[in-house]
Amino acid sequence: MKPSSKGTPLKVLLPLVLVLLVAAVLRWAALPEMSDMLNFDESFYAIDALSLLESPRFTPFFEGNTGRQSAWMYILALFFLGLGPTPFAARLAATFVSLLTVAAAYQLGRALLGRVAAVGAAAAMATLYLPVHFGHIAFRANLLPLLGALSLVFLLAAIRRGRLAFWVATGVTLGLMSYSYISAY
């Protein structure tokens, strides 16, 4: 079956949906047990996110706890705004970023090697121990794989299609990556 102009056929979309469902189950299954606890770093991120809600501002860097890039705190602030400032909201933010990373791994695999490899890449990100484990923890480092994969997807699209929008998206995601985690530098 060839893809129609009206949408993606079920046989192309179904494997990705199944992989994302598996990823969601693996990440959300333990949330109730972890909903009342935060470790030291997660607590610092939460305090900084709360400070953004109490005193809205744009800052690229937070000085406390030996200093941190700010993107994660803005994401936490959004989740706190919607769900309240709880450990559950912080961990839910981590699971959503982790699920977006699974989808970005699919897009990167598709851009590099095609749909079959893309499903394999997404399935690996959905089920491998470290991505699942860190998908439960509200660390700013979780943003780096997501933004890195998106940067490469946009870069490949920009090179292949030569459209300005893809070049801009590449620049934006690369720029945002420097606000995610120190190793992005």
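The values are calculated or read from the model by the stated rules, or taken from the named source; none is laboratory data. Just so it is clear, the model here is predicted, and its values are computed rather than measured. Backbone-built Cβ (ideal geometry, glycine too); neighbour counts: all protein chains shown. Only protein heavy atoms, including side chains, enter the accessible area calculation; ligands, DNA and RNA are left aside. Shrake-Rupley method; radii C 1.70, N 1.55, O 1.52, S 1.80 Å.
Here Tyr129 sits with roughly 150 square angstrom of accessible surface, probe radius 1.4 Å. Sparse packing (at most 11 other Cβ atoms within 10 Å of the Cβ) combined with a DSSP loop state is found for the following chymotrypsin sites (Phe, Trp or Tyr not before Pro) in the stretch 1-87: Phe58. Here each label is just a point 7 Å from Cα along the line to Cβ, and for Lys11 and Tyr129 those points are 3.7 nm apart.
For Tyr45, what charge total do you get from the other residues with a beta carbon under 12 Å from its beta carbon, if Lys and Arg give +1 and Asp and Glu give -1?
Details: positive: Arg68, Arg91, Arg140; negative: Asp41, Glu42, Asp48.
Net local charge, Tyr45 excluded: 0.
For Met34, the solvent-accessible surface computed with a 1.4 Å probe is close to 40 Å², ligands and nucleic acids excluded. Annotation: extensible slack from Leu53 through Ser183 equals 44.1 nm (criterion: 0.36 nm per residue apart, minus Cα-Cα distance).
Once the piece of chain linking Ser43 and Thr86 is laid out straight, how much longer is it, given 0.36 nm per residue of separation minus the C-alpha distance between them? It would help to have the intermediate numbers written out before the result.
On the way: separation 43, 0.36 × 43 = 15.48 nm, distance 1.01 nm.
Taking 0.36 nm per residue and subtracting the Cα distance, the gain is 14.5 nm.
Tell me the angle of helix 40-54 to the major Cα principal axis of the chain, expressed in degrees between 0 and 90 and rounded to the nearest ten. Relative to the chain, helix 40-54 is tipped by roughly 80 degrees. Taking the longest Cα principal axis of the chain as reference, the axis of helix 87-113 is set at about 30 degrees. A full extension of the chain between Ala165 and Ala30 corresponds to an added length of 44.7 nm, given 0.36 nm per residue minus the alpha carbon distance.
Heavy-atom accessible surface of Arg160, to the nearest 10 Å², is about 150 Å², with a 1.4 Å probe and all protein chains retained. Look at [x] 1.00; [y] 1.29; [z] 0.96: the one that is Rg/Rh (Cα atoms, Kirkwood Rh) derived from this structure is [x].
Between the Cα long axis of helix 143-161 and the first principal axis of the chain there is an angle of about 30°, rounded to the nearest 10.
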